[in-house]
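Remarks on the structure that follows.
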Amino acid sequence: MANNGWYLKPNVVIEPLIERWYAWAHLISPATAAMNVVGRHLKIMRSYVQSPEVHAAAVRNPKMLGGPFIDYKTPRTDEIKNLIETTGRRQAALIRLAEAIKELDAMLKKMARGYSLETLYDKVPDILKGYVELVYDLNNNPSFRFFEPLLFKSEYCNKGWQSVALWVTNNDERPFCLSTPRLDEPGVLHLKIPFDHPGIDALSRMKRTPGSVDEVSEMLGVGSADRSLFDTFFTRQEHPAYKRYEGPNVRMRYFGHACILIETKGISILVDPLVSYYGYDSGIAHYSDIDLPDVIDYVVITHNHQDHILFETLLPLRHKIRNIIVPRANSGALQDPSIRLALQHAGFGNVTEIDEMEAIRFGNCTITGIPFTGEHSDLNIRAKTCYHITADKYSFLFVADSRIVEPALYQHIHRTIGDVDVVFLGMECDGAPLSWLYGPLLTEEMARDNDQSRRLSGSDFAKGMSLINIFHPKEAYVYAMGMEPWLKFISSVRYTDTSNPIVQSDKLVAACLEKGVIAERLYGEKELLYDMAALAV
Ligand SMILES: [Fe+2]
């Protein structure tokens with residue numbers, strides 16, 4: 001290919017993988033990765049090898065959407081057998097770590113009886129020695145915490161497990177990413193590079209700035225056999241230019257799901273980045289990569305669920321992100337890995353943790369961490385925060401999936417931050433049971449009725465309205481809750497008009513409109529411009 005002047009096509013997927021599984025945050029943090037390799041990946045793959053026809057039938061059944069079933073159109077049993085074998089060999093350390101975690105948990109349950117834990121350090125499995133502190137809560141319930149930064153520097157964290165798959169897509173269809181590993185397919189190029197590889201930045205820059213395919217190919221180590229496929233990822237055609245916001249006030253753009261860009265003349269803030277591809281017809285209008293500024297001053301992340309931290313979106317944006325703000329979490333608890341450490345491991349050097357009611361100020365903006373409750377199956381998880389963002393004279397409250405379990409909390413918060421102009425909230429109020437996401441972390445099976453009652457559910461109508469009644473917004477927007485087509489592979493939801501989250505959010509929108517609050521359930525894209533005159537009205 002002639003040298004310079006090539007752009008990366010806008011519909012090239014850059015999919016980060018860990019031993020062929022979609023790289024979400026729990027696969028990057030070592031302890032949760034260990035538990036997922038054993039309790040999710042190997043379990044699903046072994047079940048598939050036993051009876052691929054059961055999996056094939058399950059993925060055709062909409063009621064089983066998001067279940068632990070491998071989704072391929074034709075049987076891939078031999079390849080899955082191979083993947084079980086390579087996983088066992090290449091991730092042997094992680095498998096041992098998972099066994100040791102279970103052993104440690106069992107030992108504490110049996111032997112920690114309220115007496116000093118010091119004598120039990122000898123009984124910690126050898127491979128965990130030095131990586132854990134043994135603790136009680138005030139009621140003598142024993143537990144342990146990881147020294148997580150040390151796990152990231154141990155054999156339980158290996159960048160050799162990471163790779164990136166590249167292909168050109170013409171639709172939003174992908175199997176549910178937590179249940180189906182990515183096997184070889186024609187047209188998909190696997191690059192065995194770690195997530196912090198500078199070649200990912202060079203490749204991503206070519207979405208905007210034309211460059212040399214030869215140079216980026218060399219950086220990424222593309223083999224000669226793959227070069228002709230790699231060449232198909234590029235085009236001479238310049239992409240539409242991003243139009244910078246030059247207005248005097250604030251522009252808000254909804255990119256789908258919980259991803260929102262706030263721009264003033266000088267500053268851009270992107271909440272929960274999840275950016276769809278373009279260059280093909282997805283059936284609905286939506287903003288995409290071309291609508292993002294060349295520099296994103298702040299990315300803010302609300303919580304550690306796979307639909308709110310997407311390495312697939314974040315890695316290609318890494319070169320243009322100045323700062324990332326994430327909720328503070330350093331409990332060392334298995335269920336609460338640090339988002340900061342996972343991002344740093346993936347090559348982000350500019351990650352700041354924010355605490356509850358802590359504010360970060362810059363220019364004419366403030367970002368404040370606000371307590372986020374619920375939606376985590378009542379597990380003790382701190383890596384979650386809502387955000388109160390002020391830009392110029394406007395204030396936005398991003399509640400994400402927080403379930404308003406106790407309105408008094410938000411009344412206390414209201415006394416500090418006052419009314420807000422705009423509220424954004426998710427209302428996936430049914431939610432999956434605990435085991436759907438956290439099951440692999442359990443060291444003992446949970447009773448079904450406990451599991452069913454401990455859900456990943458956001459606010460319903462009553463809980464959402466309690467928030468509206470506290471913060472008196474002028475506008476209230478409900479996220480699309482996974483309905484956008486490019487979300488299906490990660491959220492696995494499918495609603496009808498009678499689905500509870502739709503019914504509840506319709507009620508909230510109607511009640512808001514009744515009160516004179518502008519309200520809508522978002523879908524696809526939305527642009528709002530805030531100016532002084534409109535605010536006065
Ligand atoms: Fe969530």
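Please treat every number below as a calculation from the coordinates, not as lab data. The structure displayed is predicted, hence computed values, not measured ones. When we count neighbours, we look across all protein chains shown, and the Cβ atoms used for this are built from the backbone with ideal geometry, even at glycine.
For the stretch 389-537, the dipole from Cβ point charges (+1 on Lys and Arg, -1 on Asp and Glu) about the Cα centre works out to 180 debye, to the nearest 20. Dipole of the chain computed with +1 at Lys/Arg Cβ and -1 at Asp/Glu Cβ about the Cα centre; of His414, Ser47, Leu341, farthest Cα towards the positive end is Ser47. Diagonalising the gyration tensor over the Cα atoms of the stretch 226-323 and scaling each eigenvalue by 5 before taking the square root yields semi-axes of 24, 18, 14 Å, largest first. Extent along the principal axes, Cα only, for the stretch 127-241: 66, 34, 30 Å, with the longest axis given first. With contacts taken as Cα pairs under 8 Å at a separation of at least 6 residues, the chain carries a relative contact order of 16 percent. When all alpha carbon pairs of the stretch 76-182 are counted in 5 Å bins from zero, the resulting P(r) reads 2, 9, 16, 16, 13, 12, 10, 9, 6, 4, 2, 1, 0 %. From the P(r) of the stretch 317-386, could you give the percentage of C-alpha pairs in the tail past 19 Å? The proportion of pairs with Cα distances above 19 Å equals 39 percent.
Cα-Cα pairs above 13 Å in the stretch 276-343: how many percent? Of the Cα pairs, 71 percent sit more than 13 Å apart. Note on the chain: along the principal axes its Cα atoms extend 68, 67, 44 Å, ordered by decreasing extent. Scaled against 2.2 N^0.38 Å for its residue count N, the alpha carbon radius of gyration of the stretch 343-450 is 1.28.
For Arg60 and His412, the difference between the fully extended length at 0.36 nm per residue and the C-alpha to C-alpha distance is 122.0 nm.
Computed over every Cα-Cα pair of the stretch 213-265 and binned at 10 Å starting from 0, the pair-distance distribution P(r) comes out as 18, 26, 20, 27, 9, 0 percent. Taking the charge dipole of the stretch 243-320 about its Cα centre, with +1 at Lys and Arg Cβ atoms and -1 at Asp and Glu Cβ atoms, the residue from Ala258, Ser268, Asn304 reaching farthest to the positive side is Ser268. Rounded to the nearest 20, the size of the Cβ-charge dipole of the chain about its Cα centre is 460 debye, with Lys and Arg at +1 and Asp and Glu at -1. With unit charges on the beta carbons (Lys and Arg positive, Asp and Glu negative) and the dipole taken about the Cα centre of the chain, which residue among Gly66, Ile28, Ile518 sits farthest to the positive side? Going by the charge dipole, the pick is Ile28.
Binning the alpha carbon pair distances of the stretch 457-499 at 5 angstrom intervals from zero yields the distribution 5, 17, 22, 21, 15, 14, 6, 0, expressed in whole percent. For the stretch 173-241, the convex hull drawn through the C-alpha positions has a volume of 139 cubic angstrom per residue. When Rg and the Kirkwood Rh are both derived from Cα coordinates, the Rg/Rh ratio for the stretch 1-115 amounts to 1.13. Run the simple label-point estimate for Glu358 and Glu238 please: 7 Å along Cα→C-beta, distance reported in nm. Placing both labels 7 Å beyond Cα along the Cβ direction yields 4.4 nm.
Summarising the strand pairing of the chain, around 70 percent of its internal DSSP beta bridges are antiparallel. The Kirkwood hydrodynamic radius of the stretch 19-80, based on inverse pair distances between different Cα atoms, is 12.5 Å. Pairs to check: Lys9/Lys159; Lys159/Lys207; Lys102/Lys463; Lys63/Lys159. Give those whose C-alpha atoms are more than 29 Å from each other in this structure. In this structure, Lys102/Lys463; Lys63/Lys159 exceed 29 Å between Cα atoms. Gyration tensor analysis over the Cα atoms of the stretch 404-537 returns equivalent ellipsoid semi-axes of 31, 19, 13 Å (largest first, whole Å).
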